[in-house]
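The values are calculated or read from the model by the stated rules, or taken from the named source; none is laboratory data. Nothing here was measured: the structure is a model prediction, and the numbers come from that model. Positions of Cβ are generated from backbone atoms using ideal geometry, with glycine treated the same way; all protein chains shown enter the neighbour counts.
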Amino acid sequence: MSTLEPVPLAALDPRVRATLDRAVADGRLASTRFLQIVGYSSAQVRMISGQYERTSPSLLSSRLRELMRLRSAQLAGCAECQTARYEQSVTDSTAACLLAAADGELSEAERLVVKFVQKLHLDHDSIDGEFYRQLHCHYSTAEIVEVGLTAGSLLGMHRFIHTLDLLGMEPRALPYRPEEIDARRE
């Protein structure tokens, strides 16, 4: 049971609900639980669910973004995020390599980015000039900036998701109340 009671699917905008249904059906989303919680903010749920409908412009390959997302989910302990696969080239075997810190299925460039994600989660002070120079052997400065912003966004998102205890058994801290959707306290 999650900390916050999810917004019922029927209460979500029908377009958002259709997007989520398609994402679950094709495996890009493990479940709708997190986005049902995000549904308390209509603008945020539309923005996040929209990511499942289109490919955001990026300098990074979809495979690299998926490797980053999975490693971040592993480090944050987000079981639900670890089960979803947004990129077909990243298999369960690849994900297992990330978890075991095995390098078999990763290029040197991918290993460095995965290491960046890990350092950002566990010891951001260890990301120094030398590490950036190593990244620059494989990536442009613009790509490195995107790696950093993507990893930072993933870290925050996965930590937030973890606090929601989506798969937990504890009683809910906040029950669903329709009047709380898009509500603002003044």
Qualifying residues in region 23-37 (those that are in a helix (DSSP H, G or I) and free of Cβ contacts under 8 Å to residues at least 60 places away in the same chain) - the one farthest from T163 (Cα to Cα): A25
Test set (1) surrounded by fewer than 12 Cβ atoms within 10 Å (Cβ to Cβ); (2) under 20 Å from L60 (Cβ atoms) - V117 fails condition number: (1)
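Is at least one residue of region 54-73 within 22 Å of R159 (Cβ to Cβ), out of contact with any strand residue (DSSP E or B) (no Cβ under 9 Å at 6 or more places or on another chain) and exposed (fewer than 13 other Cβ atoms within 10 Å of the Cβ)?
Step one: list which residues in region 54-73 are within 22 Å of R159 (Cβ to Cβ), which gives 56, 60, 64-73.
Those still in the list that are out of contact with any strand residue (DSSP E or B) (no Cβ under 9 Å at 6 or more places or on another chain) too: 56, 60, 64-73.
Add one more test, that the residue is exposed (fewer than 13 other Cβ atoms within 10 Å of the Cβ), and what stays is 56.
Yes, region 54-73 has at least one match.
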Of all residues in region 142-183 being among the basic types (K, R) and over 30 Å from G129 (Cβ atoms), the one that is modelled with the lowest pLDDT: R172
Pair list, Cβ under 9 Å, 6 or more apart: region 38-62 residue under 26 Å from T141 (Cβ atoms), other residue at pLDDT below 75 and among the β-branched types (V, I, T): S62/T55
